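Here is the structure we will look at.
The values are calculated or read from the model by the stated rules, or taken from the named source; none is laboratory data. Note that this is a predicted model, so its numbers are computed, not measured. Note that we place each Cβ from the backbone using ideal geometry, even for glycine, and neighbour counts take in every protein chain shown.
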Amino acid sequence: MPLVAAVACAHTPQLLVRPDTEDRDLVLRVHGAFARVKQRLADARLDAICVIAGDHIEGFFLNAVPAFAVFVGSEVSGQFGRYRYTLPVHEPLARAILEQGIERGFDLCYSQEIRLDYAFYIPLHFTVPEPRVPIVPLYVNVYLPPQPTPRRCYAWGQALRAILDARSERVALMASGGMSHVPGTDRYGSPDYDFDRRLLQALAEGRGLETATLTGEELDKAGNVELRTWITLLGAVGQARAEVFCYEPSWHHGNAVVAWPV
């Protein structure tokens, strides 16, 4: 069964915890875009959601930092503030991605016991339809150098699409992350909104392949290191034209929700 849905969602923590520092109307507009994603996923009648996200040093640290990893247990848990969560995992699909990814030349890491980062949880919190479907967490190292190149992320997305298209399950791909933000630095209040808007325009025109030519330095300069998760998804959707559900630039973060026809 071919891939049946593809989306990219912000995982900005403030969208969930909603502190007083945030523009309430902006947050609600992003929530509205999440609701559109939720409806699209419900209409797709999914068997699983493969979530491509990074790790904020919740699961991987200096003892092991894989470029790409797959969670292959039967369920996965984590905590973000007062939110504690345990989510079912589609283990047969996860193991197929792992095994066939290795056969296709990607030296994937795997784990059966790792704390699920909020980068996975926040978009799922807002978008998973009822009845809930299992997930497959797919990790991309976006934070700890050396990270995988955009070119390699795009290639992994192409391989992932081929693996999923050969399966019987109805699967959605969800990329979590971005857009521009630079936490923990003196640039935190100055995201690169122009970069974001140029990129979204390119995606709306079906020019996702161009992201594979970006360099790690360019992503870092624009505060878009998390874009590697999007680039992986773009490898899977090819030249499909994106539908931008929203782009809401807050004072510290470019919040985007995007979908692709597949």
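Taking the range 72-118 on its own, how many of its residues are among the basic types (Lys, Arg) and either under 23 Å from Pro13 (Cα atoms) or touching a Lys or Arg at 6+ places or on another chain (Cβ under 6 Å) (or both)?
Count: 3.
Within the range 207-249, work out how many residues are closer than 28 Å to His31 by Cβ and out of contact with any His (no Cβ under 9 Å at 6 or more places or on another chain).
25
So which of Phe68, Phe61 is modelled with pLDDT under 95 and either surrounded by fewer than 24 Cβ atoms within 10 Å (Cβ to Cβ) or of a type in the set (D, E, K, R) (or both)?
Every option except Phe61 fails the conditions.
His253 fails exactly one of the following numbered conditions: (1) in contact with a strand residue (DSSP E or B) (Cβ under 8 Å, 6 or more places away or on another chain); (2) modelled with pLDDT of 95 or more. What is the number of that condition?
(1)
Determine which member of the set Val37, Val76, Val7, Val51 is touching a residue at least 12 places away in the same chain (Cβ under 8 Å), part of a helix (DSSP H, G or I) and under 21 Å from Phe126 (Cβ atoms).
On inspection, the qualifying residue turns out to be Val37.
Scanning for something within 29 Å of Ile102 (Cβ to Cβ) and under 16 Å from the mean Cα position of the chain (by Cα), does the range 178-192 turn up at least one residue?
yes
Of all residues in the range 79-117 being of a type in the set (Ser, Thr, Tyr) and more than 25 Å from Arg152 (Cβ to Cβ), which is surrounded by the most Cβ atoms within 10 Å (Cβ to Cβ)?
Tyr85
Ile97 fails exactly one of the following numbered conditions: (1) of a type in the set (Val, Ile, Thr); (2) out of contact with any Leu (no Cβ under 6 Å at 6 or more places or on another chain); (3) under 24 Å from Phe126 (Cβ atoms); (4) in contact (Cβ under 8 Å) with a residue 40 or more places away in the chain. What is the number of that condition?
(3)
Can you say whether Val17 is closer than 30 Å to Ala162 by Cα and either touching a residue at least 40 places away in the same chain (Cβ under 8 Å) or among the β-branched types (Val, Ile, Thr) (or both), as far as the supplied structure shows?
In short, no.
Among the residues of the range 136-149, is there at least one that is more than 23 Å from Arg84 (Cα to Cα) and among the hydroxyl-bearing types (Ser, Thr, Tyr)?
Yes; the residues of the range 136-149 include at least one that is more than 23 Å from Arg84 (Cα to Cα) and among the hydroxyl-bearing types (Ser, Thr, Tyr).
Residue-wise test of (1) under 25 Å from Phe71 (Cα atoms); (2) more than 19 Å from the chain's Cα centre (by Cα); (3) crowded, with 19+ Cβ neighbours inside 10 Å.
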residue	(1), (2), (3)
Arg24	no, yes, no
Val30	no, no, yes
Ala33	no, no, yes
Ile57	yes, no, no
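Quick check, is Tyr121 hydroxyl-bearing (Ser, Thr, Tyr), under 19 Å from the mean Cα position of the chain (by Cα) and not in a helix (DSSP H, G or I)?
no
How many of the residues in the range 134-180 are aromatic (Phe, Trp, Tyr) and closer than 20 Å to Val258 by Cβ?
Of the residues in that region, 2 qualify.
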